[in-house]
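Read through the structure below, which is laid out as structure tokens, and then see the notes.
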Amino acid sequence: MNNELYYGDNLEVLRNRIEKDSVDLCYIDPPFNSKRNYFQIYTNIGKEDQAQAQAFIDTWTWNILAEQALREIIGNENGRYTTQTVDLIKGLHAVLGAGGLMSYLLSMTQRVNEIQRVLKPTGSFYLHCDPTASHYLKLILDSVFCPRGGDFKNEIIWKRRTNTVKAITRSFSTITDTIFFYVKSKKYNFSIQYENYPPEYLKRFKYSDEHGRYYWNVMATYSEERLKKLESEGKLRISKDAKYPRFKQYLHELKGIPTTNIWEDVDMINSQAAERLGYPTQKPESLLERIIQTSSNEGDVILDAYCGCGTTVAVAQRLNRQWIGIDITYQSIAVILKRITEKFGAAVANTIKLSGIPRDMESARALALKKDDRLRKEFEKWAVLTYTNNQAAINEKKGADKGIDGTAYIITGNHSSEKVVFQVKSGKVGRGDIAKLRGDQAREKAVMAFLITLNDATQDMREEALAAGIYYHPLLRRNYPCIQIVTIREMLEQKQLFDFPHTHEVLKKSELVIEDTQKELSLNASDEE
């Protein structure tokens with residue numbers, strides 16, 4: 001099987017790395033959190049409305065990328081977009097203005113348009129969203145798919161929870177997500193799925209035959225041909241008193257209730273679920289299993305352009321599909337590789353084609369020097385997670401990391417552990433960086449601190465690091481420098497990696513609490529599956 005995992009901007013990957021008409025099924029769950037506030041469009045109709053209108057807080061802000069996307073779409077660069085899409089975006093921009101919500105919709109328009117391109121003529125597309133912007137997304141999907149011969153099939157409502165923890169006093173509690181189902185053409189793959197019958201229905205099967213098979217008698221209002229078939233099978237019962245004959249409907253012959261567009265039988269992941277990774281927006285495997293089994297066959301290619309913690313690709317692997325995953329954060333890539341390794345073994349994980357992950361100094365520098373704001377910290381994340389073999393937690397507090405880019409805990413005894421910290425530098429480094437790191441280490445009460453640097457370390461830096469002293473590891477019974485310098489070149493070419501016993505594999509849970517000397521670690525990654 002050919003499975004591919006791309007680290008980078010999914011727009012660039014979709015446009016330049018994935019062939020047209022090559023994907024059988026695409027599912028995406030873009031990062032869009034309905035629990036956060038969003039623009040209230042009509043903010044000028046009264047003081048009350050103005051007071052309620054709060055800033056759109058999410059990953060979406062109006063910036064140069066949004067400006068570029070707007071120009072590209074309304075200018076119909078390279079004829080990529082339908083007339084309907086261009087007109088729609090012009091209208092939405094006139095109503096919404098330049099802001100976070102419009103930025104989100106522009107980003108989605110670009111990517112949905114490319115997804116439509118890479119789908120096979122028989123391909124299907126599922127977009128998972130919530131009520132915050134589903135009404136806008138529906139318009140965008142219509143404008144991309146329908147003018148090109150595609151079709152809207154369903155708005156699926158997933159009842160993801162049965163109750164809420166917090167009381168909602170000013171609105172009805174939202175317990176559903178929306179999944180839009182579109183197809184590229186009128187000829188598409190679709191296998192009916194079935195749900196279990198409710199207990200009250202099963203109570204009808206109260207009779208049993210000589211073989212112990214349960215059945216109940218159903219009125220047979222069928223054609224003469226069908227009645228003859230039932231009679232030949234010994235299932236027909238004809239009574240002189242009844243207007244219609246009856247037949248034996250056996251329980252074991254029923255597949256179940258055909259699945260509708262209301263999905264209430266798929267439970268969300270609870271805190272005790274075995275598949276739970278602690279990922280904020282992780283979706284249950286049963287949800288993706290239904291989608292994949294409905295709209296694809298074994299050997300088909302499944303695409304998730306916002307693959308997050310890898311639920312889509314993990315289910316695709318289990319169901320013998322080929323898959324393509326894309327994510328813009330290295331944490332997600334690390335989570336997925338670990339998930340595939342643990343679930344299917346290292347042999348399967350080693351067959352995955354990886355793209356975008358630095359393998360040499362040239363690609364490492366390219367990642368470090370990217371101008372895209374979204375990727376500004378990705379070099380730091382990649383460096384820390386690669387050096388620690390995914391055993392560190394990333395510090396996600398932008399602008400407030402106080403010099404610390406990652407944290408890990410090492411085992412020092414049966415019931416003890418110690419904190420170590422990591423700092424990453426992609427620019428010029430000198431002796432002063434070591435002095436500052438010593439201060440950061442002391443403030444964090446860490447026994448060791450590691451400086452990971454893209455550029456080579458100077459002799460003065462190494463002398464300053466040695467002057468920081470020695471840490472004695474009681475379990476390993478060895479001495480280690482309190483400050484250690486690691487270059488990217490040493491990591492890539494000499495395979496120098498963090499080699500200490502660790503208390504937790506932090507990518508297994510994105511949030512965990514370690515008792516005593518250990519405080520809560522967090523590993524936030526993008527949205528989905």
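Where a number appears in this text, it was derived from the coordinates with a stated rule and is not lab data. Computed from a predicted structure; not experimentally measured. Heads up, the Cβs are rebuilt from the backbone with ideal geometry, glycines too, and the neighbour counts pull from every protein chain shown.
Across segment 466-477, rounded Karplus estimates of 3J(HN,Hα) from the backbone phi angles (6.51 cos²θ - 1.76 cosθ + 1.60, θ = phi - 60°) give 5, 5, 6, x, 10, 10, 9, 8, x, 7, 7, 6 Hz, Gly and Pro being marked x. Of the residues ASP360, ASP142, ASP24, ASP304, the one with the fewest other Cβ atoms within 10 Å heads the list, and the complete ranking is ASP360, ASP142, ASP24, ASP304.
Given a Förster distance of 51 Å, report the FRET efficiency between ASP499 and GLU12 from their Cβ-Cβ distance, rounded to the nearest 0.05. Each step should come with its number before you reach the end.
Numbers: r = 35 Å, r/R0 = 0.69.
With R0 = 51 Å, the Cβ-Cβ based efficiency is 0.90.
Database remark: amide H of GLY406 closer than 5 angstrom to the amide H of ASN395, PHE422 (H placed geometrically; neighbours at sequence offset of 5 or more, or on other chains; Pro and chain starts carry no H).
Treat every Asp and Glu Cβ in segment 197-255 as -1 and every Lys and Arg Cβ as +1, leave all other atoms uncharged, and give the resulting dipole magnitude about the Cα centre to the nearest 20 debye.
Computed charge dipole of segment 197-255: roughly 140 debye.
The GluC sites (Glu not before Pro) of segment 1-34 that DSSP puts in a loop, and whose beta carbon has at most 12 other beta carbons within 10 Å, are GLU19.
Taking amide H atoms as placed 1.01 Å from N in the peptide plane, the amide H of THR388 lies under 5 Å from those of PHE498, each 5 or more residues away in sequence or on another chain. Rg of the Cα atoms in segment 176-240, relative to 2.2 N^0.38 Å, amounts to 1.78. Near the amide H of CYS482, within less than 5 Å, lie the amide hydrogens of GLY469, ILE470, TYR471, all on another chain or at least 5 residues away, with H placed in the peptide plane. Sequence-distant contacts, meaning Cα pairs under 8 Å at least 6 residues apart, place the relative contact order of segment 430-488 at 41 percent.
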